[in-house]
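Here is the structure we will look at.
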Amino acid sequence: MSEIFKNIGEIKYEGAASKNPLAFKFYDPERVILGKKMKEHLPFAMAWWHNLGAAGTDMFGRDTADKSFGADEKGTMAHAYKKVDAGFEFMKKLGIEYFCFHDVDLVPEAEDIKETNRRLDEISDYILGKMKETGIKCLWGTANMFSNPRFMNGAGSTSSAEVFCFAAAQIKKALDITVKLGGKGYVFWGGREGYETLLNTDMKFEQENIARLMKMAVTYGRSIGFIGDFYIEPKPKEPMKHQYDFDAATAIGFLRQHGLDKDFKMNIEANHATLAGHTFQHELRTSAVNGMLGSIDANQGDLLLGWDTDEFPFDVYETTMCMYEVIKAGGLTGGFNFDAKTRRPSNTYEDMFEAFILGMDAFALGLINAAKIIEDGRIDEFVKNKYASFSEGIGKKIVDGEATLEELSAYAESLGKTDIPCSGKQERLQGILNSIMFS
Ligand code: XUL
Ligand code: CO
């Protein structure tokens, strides 16, 4: 098999002073932080769709990048094979240990679903061979239930029972392939599970049908030996005006309502968090406090734009607070999937590598900083002390569930008046963060 990225060798760690654009400055896979190697803290994954598929087409213009990888024609099985070759060479050279895929990222979709499924069987045999050869693993799989026009009214939330069956068929096959490839997780991103207007929508029925589909997926997945986590990847909008899995809190409520919370966790995407009007950290914390922080789609949005730009992460404040949450939560069951694409004018093979180097370095810096924050202890100590009044006296009674409203009312009356609580010290804490990050 001939090399695709010919002038690019293995990407190595060279340290912060390196000026080599094709080297890691901060991601040093073997470096031990808080007792674990960097590569263990940061199980990175390549998103098949962006890295091997997205070639720069947007609403106003066609491809700027060549992602044929040497195939004569795109959208053929020959091209699908080339994408596998390119993907594995790419991951190997960067030291990325995982990949994530949609069914139709792997093969061109045929008119007849039986042929699409046959193609999936064929390509997954080839992928399996590459996995054995390289040791690269599958993080998660998913079914694309948003691109094909049949899903215009949704997949689980569609108004057509026939379309619902096609959604089921795609999930079944995507689960088969995920299990065949030993995937750790299976993702539901409800791109079309939402609505444009309630004038034509039965919200309750649609949500119940989504739950029915998810339950069938869990039953089937467990029956074929899938032991990993199912994930919901919340996103508030785009492509739909309103999506049912708006944010982590909404998705967690939905899962609990339908008894799916034991099988599902969250796959939190940074850019989806900001679209929902939350910080990335908020979505991670919400998932973590509910015991549902599973995996991360590692990217970054542009706050000046109202859509999902899927940029490679480079904001180190964001990756720092992300890693702080991840470490505090005891790590992820999944990993860090770069659901990110190079900007349209960054159209060379070299740009693909430099984008991943940027993202991996940004997360390595985030990890280094988060460990320093935890080791420094001032921020954690502050938060702990802030609630000290609940560790004794009347506060302790409240926490222990031993107080009544009447008793608390009588206590307040016995005091007559109270002081305002202690300062939140936000500016001091932000200063501490800066002094830790830039020392
Ligand atoms: C879309 C998105 C998807 C999911 C998988 O915004 O993030 O690519 O990650 O379907
Ligand atoms: Co995503």
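Name the residues in the stretch 136-151 that are touching a residue at least 24 places away in the same chain (Cβ under 8 Å) and out of contact with any helix residue (DSSP H, G or I) (no Cβ under 9 Å at 6 or more places or on another chain), would you?
Leu139, Phe146
Given the conditions (1) open to solvent by 20 Å² or more (accessible area, probe 1.4 Å); (2) assigned to a loop (DSSP other than H, G, I, E, B); (3) under 15 Å from Trp48 (Cα atoms), which single one is not true for Glu111?
The number of the failed condition is (3).
Kindly check whether there is at least one residue in the stretch 125-145 that is more than 18 Å from Ile224 (Cα to Cα), within 16 Å of ligand 2 (Cβ to nearest atom), modelled with pLDDT of 95 or more and open to solvent by less than 40 Å² (accessible area, probe 1.4 Å).
yes
Only residues that are surrounded by fewer than 19 Cβ atoms within 10 Å (Cβ to Cβ) and either within 11 Å of ligand 1 (Cβ to nearest atom) or hydrophobic (A, V, I, L, M, F, W, C) (or both): list them for the stretch 234-259, please.
If the condition is that a residue be surrounded by fewer than 19 Cβ atoms within 10 Å (Cβ to Cβ) and either within 11 Å of ligand 1 (Cβ to nearest atom) or hydrophobic (A, V, I, L, M, F, W, C) (or both), then Lys237, Glu238, Pro239, Ala249 are the ones that fit.
Could you count how many residues in the stretch 283-299 are of a type outside the set (A, V, I, L, M), buried (at least 24 other Cβ atoms within 10 Å of the Cβ) and assigned to a helix (DSSP H, G or I)?
Qualifying residue count, the stretch 283-299: 2.
So that you can scan it fast, the table gives a plain yes or no per residue for (1) open to solvent by less than 40 Å² (accessible area, probe 1.4 Å); (2) farther than 17 Å from Glu97 by Cα:
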residue	(1), (2)
Glu3	no, yes
Glu10	no, no
Leu22	yes, yes
Asp58	no, yes
Arg62	no, yes
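Residues are listed down the side, and each one gets a yes or a no for (1) over 19 Å from Ser346 (Cβ atoms); (2) within 16 Å of ligand 1 (Cβ to nearest atom); (3) not assigned by TED's automatic domain parsing to the domain that holds Thr348:
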| site | (1), (2), (3) |
| --- | --- |
| Glu40 | yes, no, no |
| Pro43 | yes, no, no |
| Ala54 | no, yes, no |
| Gly75 | yes, no, no |
| His79 | yes, no, no |
| Ile96 | no, no, no |
| Lys114 | yes, no, no |
| Gly129 | yes, no, no |
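Could you grab me the full set of residues in the stretch 61-73 that are part of a loop (DSSP other than H, G, I, E, B) and within 22 Å of Asp351 (Cα to Cα)?
Arg62, Asp63, Thr64, Ala65, Asp66, Lys67, Ser68, Phe69, Gly70, Ala71, listed by residue number.
Go through the residues of the stretch 202-221 one by one and say whether even a single one is within 14 Å of ligand 1 (Cβ to nearest atom) and either open to solvent by 10 Å² or more (accessible area, probe 1.4 Å) or under 22 Å from Ala168 (Cβ atoms) (or both).
Looking through the stretch 202-221, none of the residues is within 14 Å of ligand 1 (Cβ to nearest atom) and either open to solvent by 10 Å² or more (accessible area, probe 1.4 Å) or under 22 Å from Ala168 (Cβ atoms) (or both).
For (1) closer than 30 Å to Asp85 by Cβ; (2) in a loop (DSSP other than H, G, I, E, B), each residue gets a yes or a no:
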{"site": "Leu120", "(1), (2)": "yes, no"}
{"site": "Asn144", "(1), (2)": "yes, yes"}
{"site": "Asp176", "(1), (2)": "yes, no"}
{"site": "Gln207", "(1), (2)": "no, no"}
{"site": "Lys215", "(1), (2)": "no, no"}
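On the basis of being free of Cβ contacts under 8 Å to residues at least 12 places away in the same chain, surrounded by fewer than 21 Cβ atoms within 10 Å (Cβ to Cβ) and assigned by TED's automatic domain parsing to the domain that holds Ile296, does Asp28 make the cut?
Against the criterion (free of Cβ contacts under 8 Å to residues at least 12 places away in the same chain, surrounded by fewer than 21 Cβ atoms within 10 Å (Cβ to Cβ) and assigned by TED's automatic domain parsing to the domain that holds Ile296), Asp28 does not qualify.
With Ser409, Ser414 as the choices, which residue is more than 30 Å from Pro29 (Cβ to Cβ) and open to solvent by less than 60 Å² (accessible area, probe 1.4 Å)?
Within the list Ser409, Ser414, the selection yields Ser409.
So in the stretch 253-279, with the set limited to residues that are part of a helix (DSSP H, G or I) and in contact with a strand residue (DSSP E or B) (Cβ under 7 Å, 6 or more places away or on another chain), which one is farthest from ligand 2 (Cβ to nearest atom)?
This residue is Leu255.
In the set Asn385, Asn434, which member is touching a Cys at 6+ places or on another chain (Cβ under 9 Å) and open to solvent by 40 Å² or more (accessible area, probe 1.4 Å)?
Asn385
The values are calculated or read from the model by the stated rules, or taken from the named source; none is laboratory data. All values reported here derive from a predicted model rather than from experimental measurement. Virtual Cβ from ideal backbone geometry, glycine too; neighbours counted across all protein chains shown. Accessible surface is based on the protein model in full, side chains and every heavy atom, while ligands, DNA and RNA are left aside. Shrake-Rupley method; radii C 1.70, N 1.55, O 1.52, S 1.80 Å.
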